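I have placed the structure first, in the form of structure tokens, so that the comments after it can refer back to it.
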Amino acid sequence: MKLILGIESSCDETGVALYHTERGLLAHTLHSQIALHNEYGGVVPELASRDHVRYTIPLIRSALSKAHCKLNDVDAIAYTQGPGLSGALLVGSSVACALAYTLGLPTIGVHHLEGHLLSPLLSNPKPTFPFVALLVSGGHTQLMRVDSVGRYALLGESIDDAAGEAFDKSAKLLGLEYPGGALLAKLALGGIAGRFKLPRPMLHSGDLDFSFSGLKTAVLTLTQQHTLDAQTRADIAHAAQEAIVDVLAQKAITALGQTELNQLVIAGGVGANKLLRERLHHDISKRGGTVFYPDLEFCTDNGAMIAFAGAMRLQHQEAQRDYRFNVKPRWDLQELNYAD
Ligand code: KG4
Ligand code: ZN
């Protein structure tokens, strides 16, 4: 099995890619729904599903054309089976299974977070197993020990909001559009360091868990106490970013210490944050370790990571051929572990 078609549709991005096990990533195409959900201040699940219906097949066509391949060249189809919005997942899954049935190809249902976890292996230089992964997306904040494909151990996670949510909710309070993570980072560039100091929840909790919901309340209080002129908004954005990045970085470094590993992988949308990358690079190089992150375009949701994770899985497990699909809107990553 060499050429894997990957389809991602778990949330607000339709992503398609073709990954070849010997030649690498041949093509990937993406349609982001950000503009569609913008006016609602968050993802509207029904609109997301309908948009995936609109874009999945055209994106498959354009990925095939970019890769100079035909549908008949594809050997297996990987699709995001979960976690995510059920209606959105159903679109990618049904297209994948219908195509596979028609072509007589095997399918593989991929866990979205496994896609994120393995995505740095698409870039160069790549980490080698074992490593610690800091998974920071809009819905998840987890530290995982990754021993190989299918060997994942949860070291710690957020007990409430995810880091991406903390970025997005702080951004919303500052009047920025959804999803506000990248916009908040941009606003923070003009902020004065130290004017505001926000709490670092659970920094000294002694474990590797996170909590970000208090931060949102602290940002809300600041926005109520001050006149929100341009400089004040930038200063609050600066403080919010500093607080989130500080907690993520310190806990990630503690995880490296506890596992006695020296490679950290950052995956998920918040992994695109420049301050987080710089801070981790600086702190981890100082202790002789290395940080790996996916190329920026593979930090947020994309089809390449699904095609790649599907290809990795197919080296270790049987593909499905019965074409029945069941999406898993909630799905624990550790359920994926191979039996000892
Ligand atoms: O992984 P992802 O694309 O989707 C999920 O699976 O959730 O992550 C999206 C999250 C959003 O919360 C978004 O605001 C955040 O990643 N994000 C950022 C940046 N770029 C995206 N957060 C901080 N700084 C950025 N540059
Ligand atoms: Zn994601």
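The numbers here are math on the coordinates, done by the rules we state, and not lab data. Predicted, not measured: the structure shown is a model, and the values here were computed from it. Cβ placement follows ideal geometry from the backbone for every residue including glycine, while neighbour counts extend to all protein chains displayed.
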Gain on full stretching of the segment that runs from Glu335 to Asp207 - 0.36 nm per residue minus C-alpha separation
43.8 nm
To the nearest 10 degrees, the tilt of helix 304-314 (Cα long axis) against the first principal axis of the alpha carbons of the chain is 60 degrees
Cα-based convex hull, the stretch 65-168, per residue volume (Å³, whole number)
150 Å³
FRET efficiency for Gln315 and Lys70, Cβ-Cβ distance as r, R0 = 25 Å, nearest 0.05?
0.55
Once each part is reduced to its C-alpha centroid, what is the distance from the stretch 1-59 to the stretch 72-92 in angstrom?
9 Å
Across the Cα atoms of the stretch 127-293, what radius of gyration and what greatest pairwise Cα-Cα distance (Dmax) are found, in Å?
15.7, 51
Space enclosed by the convex hull of the alpha-carbon atoms of the stretch 265-340, per residue, Å³
151 Å³
Rounded to the nearest 10 degrees, the helix 86-103 long axis (Cα) sits at an angle to the longest Cα principal axis of the chain of 20 degrees
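Taking a quarter of the surface of the convex hull around the Cα atoms of the chain, what do you get in nm²?
Values: hull surface 67.8 nm².
Result: a mean projected hull area of 17.0 nm².
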Show that you can apply the helix-only estimate: for the chain, add -39,500 (n - 2.57) for every DSSP H stretch of four or more residues, divide by all residues, and state [θ] at 222 nm to the nearest 500.
-13000 deg cm²/dmol
Dipole magnitude of the stretch 1-140 about its Cα centre (Cβ charges: Lys, Arg +1; Asp, Glu -1), debye to nearest 20
380 debye
Quotient of C-alpha Rg and 2.2 N^0.38 Å, computed over the stretch 213-287:
1.33
By a straight-distance test (C-alpha under 16 Å), which lysines pair with Lys172 as possible cross-link partners, with residues fewer than eight away in the same chain excluded?
Lys186, Lys216
